[in-house]
1. So what is the relative contact order for segment 87-156, in percent, with contacts set as C-alpha pairs under 8 Å and at least six apart?
2. Is it possible to state the helix-based mean residue ellipticity at 222 nm for the chain, with each DSSP H run of 4+ residues giving -39500 (n - 2.57), the sum divided by total residues, to the nearest 500 deg cm²/dmol? What is it?
3. Of the peptides 162-173, 56-67, 41-52, how do they stack up when ordered by the mean number of other Cβ atoms within 10 Å, highest first?
4. Where in segment 121-205 are there GluC sites (Glu not before Pro) that are in a DSSP coil and have at most 15 other Cβ atoms within 10 angstrom of their Cβ?
5. Gaussian network model of the chain, Cα springs within a sub-10 Å range: biggest mean-square fluctuation belongs to which of 115, 244, 127?
6. With a ≥ b ≥ c taken as the square roots of the eigenvalues of the C-alpha gyration tensor of segment 189-248, please select rounded if a/c is under 1.5 and otherwise prolate if a/b is larger than b/c or oblate if it is not?
7. Which of the three applies to segment 87-156, rounded, prolate or oblate, going by the alpha-carbon gyration tensor with a ≥ b ≥ c and a/c under 1.5 meaning rounded?
8. Could you run the Karplus curve 6.51 cos²θ - 1.76 cosθ + 1.60 with θ = phi - 60° over segment 117-122 and give me ³J(HN,Hα) per residue in whole Hz, x for Gly and Pro?
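None of the figures in this text is laboratory data; all of them are computed from the coordinates on show. A quick note: this is a predicted structure, and the numbers were derived from the prediction, not measured. Because the Cβ atoms are built from the backbone with ideal geometry, glycine has one as well, and the counts that use them run over all protein chains shown.
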Amino acid sequence: MNLSVRHLTLAYGGRTVVDDVSLEIASGEMVAIVGPNGSGKTTLLRGMSRLQRPGRGDVLLGGADVRSIGARQLARTLAILPQSPEGGLDLTVRELTWRGRFPHQGILQRATKQDYDAVAWALEAADVGALAERQLASLSGGERQRAWIALALSQQPRLLLLDEPTSFLDVAHQEEIMQILRRLNRDGMTVVAVLHDLALAARYTDRIIALREGQVAFDGPPAEVFQPEALERVFGWRMIVLRDPDTGMPVPIPRRATIAPRTHDGAGGLGLAPPV
């Protein structure tokens, strides 16, 4: 299902954070949103999902304004996983996953075979079937993140939005999460994820949207847009772009900073400056 953002402006704390952004997410795409801290990535994701009301502009889902779509209907089409979701630590993974079925159930309606099938599929797709009876409090960070993905998947959305799904995870768990998302995408789900790791974004997504001060700085396939000059404009730091030996995709690496030498009295030596 297509998602259209048209001249979207979003404010936070009285300050414009997303400024007149327009973009189209086509059905079946896997997209990364990148940018420095404070560039508007999370706010844009919240605006896309109707969690934040725009000051100006529109968000269309399948041609319909998201503000005109009922909450249950929207949740059956779009799921959003925020950064570091909280709560539910006393729930088992299965109980958490069942919460994703609420948009599909009426008041006092008993669970149907479709509900059971959807939960079973979500547990399997997120690779947490073996953890289904364990409480979230007992899980590692990577396992817990996969459990929250299972919750989102049990909604059976056509569009999945994720805010930094690999944050605070080690390398192995980051790869596991991205492989799950890529597999879901290849099965037909549209995936949009805010990512900090540029190498992961290049390896697993088809399109990169970079934000700088609330506006789109570049937008396109990783091999085209991950150029040193463009990355420097976005992140304010000189970059080197290598090649992933497995995929051939670009791997941006920040250049080493210049470190000021220490003075004879021991002062200094802490100043960092990007290379020129």
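1. On the way: 83 pairs, mean separation 36.5, N = 70.
The normalised contact order for segment 87-156 reaches 52 percent.
2. -8500 deg cm²/dmol
3. Highest-to-lowest ranking by the protection proxy: 41-52, 162-173, 56-67.
4. Values: sites: 124, 133, 143, 175, 176; in loops: 133.
Passing both the DSSP loop test and the Cβ count: 133.
5. Its mean-square fluctuation being the largest, the pick is 244.
6. On the way: a/c = 1.93, a/b = 1.09, b/c = 1.77.
Taking the square roots of the gyration eigenvalues as a ≥ b ≥ c, segment 189-248 is oblate.
7. Details: a/c = 2.21, a/b = 1.68, b/c = 1.32.
Taking the square roots of the gyration eigenvalues as a ≥ b ≥ c, segment 87-156 is prolate.
8. Couplings: 5, 5, 5, 4, 5, 5 Hz.
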